[in-house]
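Inspection log for the structure reproduced underneath, given as structure tokens.
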Amino acid sequence: MTASPTPTTAEELRGAGLRVTAARVALLETVRHGDHLDVEAIASGVRDRVGHISLQAVYEALHALSTAGLVRRIEPPGSPARFEGRVGDNHHHLVCRSCGAVVDVDCAVGHAPCLTASDDRGFAVDEAEVIYWGLCPSCSTEARSSAQ
């Protein structure tokens, strides 16, 4: 048995029912090759690939891609929205309180949705969003150095 070929970005967009444009292809590839990028960083990456694109067009494309499940939007409180290409596995995030770094962390325990609510109130839970807050290694070292 042979493995099926990995779909191209254009095929993924079509498969999600989205129109394929150079900007959408560049945007999806920018998000997937980035690391929890904000809208400004995504716009910059898209401009590097295809030239001018307005921020409004980036917001609209991100909304369409998020709705289609091709990118994931995360919004740590007090931070701008970030986008990532890791979707469908219900992972969580670590966020640094000092520098704002965001990193992925796999589910806490078991299978998705990773957590069982103490009272699900009849909901059919299919996702849990967890954000762990603290200081990243660099900021922890700086904080210890400043305290001495």
field: Subset of segment 118-148 that is of a type in the set (S, T, N, Q) and surrounded by 10 or more Cβ atoms within 10 Å (Cβ to Cβ) - its residue that is nearest to residue 87 (Cα to Cα)
entry: 138
message: Condition check: at pLDDT below 95 and open to solvent by less than 60 Å² (accessible area, probe 1.4 Å). Does residue 99 satisfy that?
response: no
task: Go through the residues of segment 64-77 one by one and say whether even a single one is in contact with a strand residue (DSSP E or B) (Cβ under 7 Å, 6 or more places away or on another chain) and modelled with pLDDT under 90.
output: yes
- request: Taking the residues in segment 83-96 that are closer than 24 Å to residue 58 by Cβ and open to solvent by 40 Å² or more (accessible area, probe 1.4 Å) as candidates, determine which candidate is modelled with the lowest pLDDT.
  value: 88
message: Out of 18, 28, I need the residue that is within 24 Å of residue 75 (Cβ to Cβ), open to solvent by less than 50 Å² (accessible area, probe 1.4 Å) and part of a loop (DSSP other than H, G, I, E, B). Which one?
response: 18
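The values are calculated or read from the model by the stated rules, or taken from the named source; none is laboratory data. Everything quoted here is computed from the prediction, not taken from an experiment. Quick reminder, even Gly has a Cβ in these numbers, built from the backbone with ideal geometry, and neighbours come from all protein chains shown. Ligands, DNA and RNA are excluded from the accessible area calculation, which covers all protein heavy atoms including side chains. Shrake-Rupley method; radii C 1.70, N 1.55, O 1.52, S 1.80 Å.
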